[in-house]
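Report on the structure given below.
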Amino acid sequence: MSSSIEVKRLNSQDLGFKETLLSSLSLPTADDVAIDTAVVKILSAVKEQGDSSVLAYTKQFDRLNVSSVSDLEIPRQDLECTYSALANEQKNALDIAAKRVRAYHERQKSETGCHSWEYEEADGTRLGQKVTPLDRVGIYVPGGKAAYPSSVLMNAIPAKVAGVAEVIMVVPTPDGARNSLVLAAAYLAGVDRVFTIGGAQAVAALAYGTNTIPAVDKIVGPGNAYVAAAKRRVFGTVGIDMIAGPSEILILCDGSSNPAWIAMDLFSQAEHDEQAQSILLCPDAGFIAQVQESIDRLLPEMPRANVIETSLTKRALLIQVQDMNEACDIANAIAAEHLEICAEDPRKWAEKIRHAGAIFMGNYTSESLGDYCAGPNHVLPTARTARFSSPLGVYDFIKRSSMIEVSEAGAQTLGRAASTLAHGEGLQAHARAAEMRVSKSYGNYD
């Protein structure tokens, strides 16, 4: 590891800045075809051969050699025992996080149209919307390089708050290594069944079902490139939450913050993996230099220093802007997953933000608090998709059915309008169906 980290510096006034910025946000796609080809093969095998293919791929990729998929299921009582055996500090931390995530999503359910409603018109026609939870949901929890109990809470709790009857979790356990915090989180979140499988084969099993693993209605949760490709492929057979890319953080800073805090916040995303992206927007060139100095000083202390350095040198940006107004404009163009506003008046600048997965306001609101225990969901849109999509929430685990009950009086008015429009579209059966319910004075349609 070098003593000075080469983080790319940009200035918003440089010629071609916009083009350079946009190109820096994109990821290489050279491996996409190879990944997709491998995923198609796995999906097809699991769809056709079920449990036997799941076992074969689990042996191949996770080095687990068992005789049946049922051997890969962890009984719920084992989850409870794992939770009970945790050290008090770990147990308390999970309890706090689960309580806050549940409270936030219960409030979200009451505030964001997640309930049925109906109204009656003057002629007795009744219109409304029926909201029902999904029957069964699958959640994918990453394993391998790192374990994420927080992902269990963030995916399973809103599903349960929504009223999903059965939540099935899949998590890879390479070489049989199980993470106690992940299993304890599954117990706290109310996960119904847990299978120690991962990769595209786990996505296929959830989407198509096998003799042991029931098919679900929707698959949520992050994973590697193979998991993302598999989710993209099975969409339509099941619902999915989103196609998540590498993690991102964008920090808007007016120069009034502690530069070491900003450096560490940049690290907090860079340590996820080498493709993660960390960006700072600041009008103060001197402060940017202080952040760079903090990066160089603090990085050698980090256990995942090599991953952080690779991420920072390949994808990080330190950008000098004219002022905070311009920083907000650039932030809206980036549409980052995580957006921190470290400034003296963060809410002033937050009002100017239109596109971000989550907005963290003020110097004491580190993005890591949102990852674990603040309450809002940490499953967020990446790769500029915050321009048109939202964080995972209770609303992702419900569906809406339109409710229509037309009265006899209402059919007289609506029937005439529908008949006219249907004839205009050349759909005579549509018109006739409406006309037959209109009174005899309109015509004899018996």
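A few comments on the model shown:
- Label positions at Thr413 and Leu27, each projected 7 Å from the Cα along the C-beta direction, are separated by 5.3 nm.
- Highest-fluctuation residue, Glu121, Glu340, Glu89 considered, GNM on the chain with Cα pairs under 10 Å: Glu121
- Relative contact order %, the chain, counting alpha carbon pairs below 8 Å whose residues are six or more apart: 20
- 5 angstrom amide H check on Leu10, placed H, neighbours 5+ away: Leu318, Ile319, Gln320
- Sorted fewest first by neighbouring Cβ atoms within 10 angstrom, Val7, Val171, Val66 come out as Val66, Val7, Val171.
- Relative contact order (%) - criterion: Cα under 8 Å, at least six apart; region: the range 78-219: 27
- The range 168-185 and the range 220-288: distance between their alpha carbon centers, rounded to Å: 24
- Working note: Karplus 6.51/-1.76/1.60 with θ = phi - 60° gives the range 160-176 the couplings 5, 4, 5, x, 4, 6, 9, 10, 10, 10, 10, 8, x, 10, x, 6, x Hz, where Gly and Pro are set to x.
- When shorter helices are ignored and each DSSP H run of at least 4 residues is given -39500 (n - 2.57), the per-residue value for the chain at 222 nm works out to -14000 deg cm²/dmol.
- Here's how it looks for Ile240: its modeled amide H is under 5 Å from those of Ile219, which are all 5 or more places away or on a different chain.
- Calculated on alpha-carbon atoms, Rg and Dmax of the range 44-101 in Å: 17.0, 46
- Fully extended contour minus Cα-Cα distance, from Arg304 to Asp14, at 0.36 nm per residue: 101.1 nm
- Taken one residue at a time, the phi angles of the range 38-51 give Karplus couplings (6.51, -1.76, 1.60, θ = phi - 60°) of 5, 5, 4, 5, 5, 4, 5, 5, 5, 4, 8, 10, x, 4 Hz. Gly and Pro are set to x.
- Largest GNM mean-square fluctuation across Ser407, Ser151, Ser368, computed for the chain with C-alpha springs under 10 Å, falls on Ser407.
- Note on the chain: antiparallel DSSP beta bridges, both residues inside, total approximately 30 percent of the bridges counted.
- Distances between placed amide hydrogens fall under 5 Å for Gln277 paired with Ser247, Glu248, Ile249, all partners being 5 or more residues away or on another chain.
Only the coordinates and a few stated rules stand behind these numbers; no lab work does. All figures in this text were calculated on a predicted structure; none of them were measured in a lab. For neighbour counting, all protein chains shown are included, and Cβ atoms are generated from backbone atoms with ideal geometry for every residue, glycine included.
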